[in-house]
Each structure stands twice: as structure tokens, then as C-alpha cells.
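> The structure's right below; bear with me while I get my questions together.
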Amino acid sequence: MMSASGYQPSAVAVGPFLDLHWPVRSLWPETRPLFYHIEQEMIRHMQEMRQSMEYMEKLHQKIFQEIDSSPSPSRRWPRTAAAVALSLDTQDFTPQELSVKQVGRKLRVSGKTEKKKEDNKGSYSYTCQEFRQEFDLPEGVNPETVTCSLVDGRLQIQ
């Protein structure tokens, strides 16, 4: 009786398995088509992601162009003999969307507006505008006497 550890296959017995011209019949299902389809699916998804990323990049560029082209609130500090005044263009904001706070000798002005426009087709556009500005009160101005008012779309601070 031969044990498995003592069996040494001869070159003649192994030869047909190593011969490259020997007819090969697969007894196990071939996996290449399965992986091939998975690979093609992944390539398709990657192309879709690349297209989506390019679209998002164009969208971001358009958003930044709109932000850059939108006028920021202008500020003026005309100094007259009677008072120091600040005027901000806030025509896109309602009084409820504006905030003016005084902390010590600093004046903090901010505004935020959000608008949603719907069309009759089921889609909508959303616009958000926000600004924040901080000013130091000039020397000689009493913080207790600072007032603000909204006149013709301009925030007047005196």
C-alpha cells in the first residue's frame, strides 16, 4: 500500500497536465465574464460620477460668478460738522431681516434674506443673501446717541 507522503508522481504522469497544447475543459464555471461585467459597470459608474463632478464644478463657477457680480452693501461715512453718518444699501432686505448691534465702541450690522420662487412646473429657485459688517465708532462719538433708521432702501446710522 502506498501512502500519500511517499508517492512521487513521475514526469510522464504530470506531463500531460503541463503540456500547453493539451485540450482543456473547464469543470468550474468561468468567472471572467462575471468580473468583466462588474468591471464594465464600475467604469460606467465612474464616468457618470466624473460627468456629475464636471456639472457640479460648472454650477459652482456660476454661483461664484453671481456672488461676485451681486452688489455688496455699500457704506459711506460722510463726516459733517454736526454728525458722523453711515449709509448702507439694504434695498433687498426687509427691516425684520436686518440687525444693528452696538457692543462697546463697535457697531455690528448684518442682514440675511432667503427667497424661494416657484414656477408652475413644479420646480423652484432658492436665493439667499447675507452680509455682515463691523465698524469702530469714531473718536468723539457718544455710543449712547447712535441711532438708525431705514429710508428708501438704505440703512442710515447717525
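Readers should treat all values here as calculations from the given coordinates under stated rules, not as data from a laboratory. Keep in mind that this is a model prediction, so the values were computed, not measured. Cβ placement follows ideal geometry from the backbone for every residue including glycine, while neighbour counts extend to all protein chains displayed.
> For Phe135 and Glu57 in one chain, what is 0.36 nm times their gap in residues minus the Cα-Cα distance, to one decimal in nm?
Length gained, Phe135 through Glu57: 24.5 nm.
> Next question. If you count, for each residue, the other Cβ atoms within 10 Å and average over each peptide, how do 55-61, 108-114, 120-126, 85-91 line up from highest to lowest?
85-91, 108-114, 55-61, 120-126
> If I model a spin label as a point 7 Å beyond the Cα along the Cα-Cβ vector, how far apart are those points for Tyr124 and Thr145 in nm?
Label at Tyr124, label at Thr145, 4.8 nm between them.
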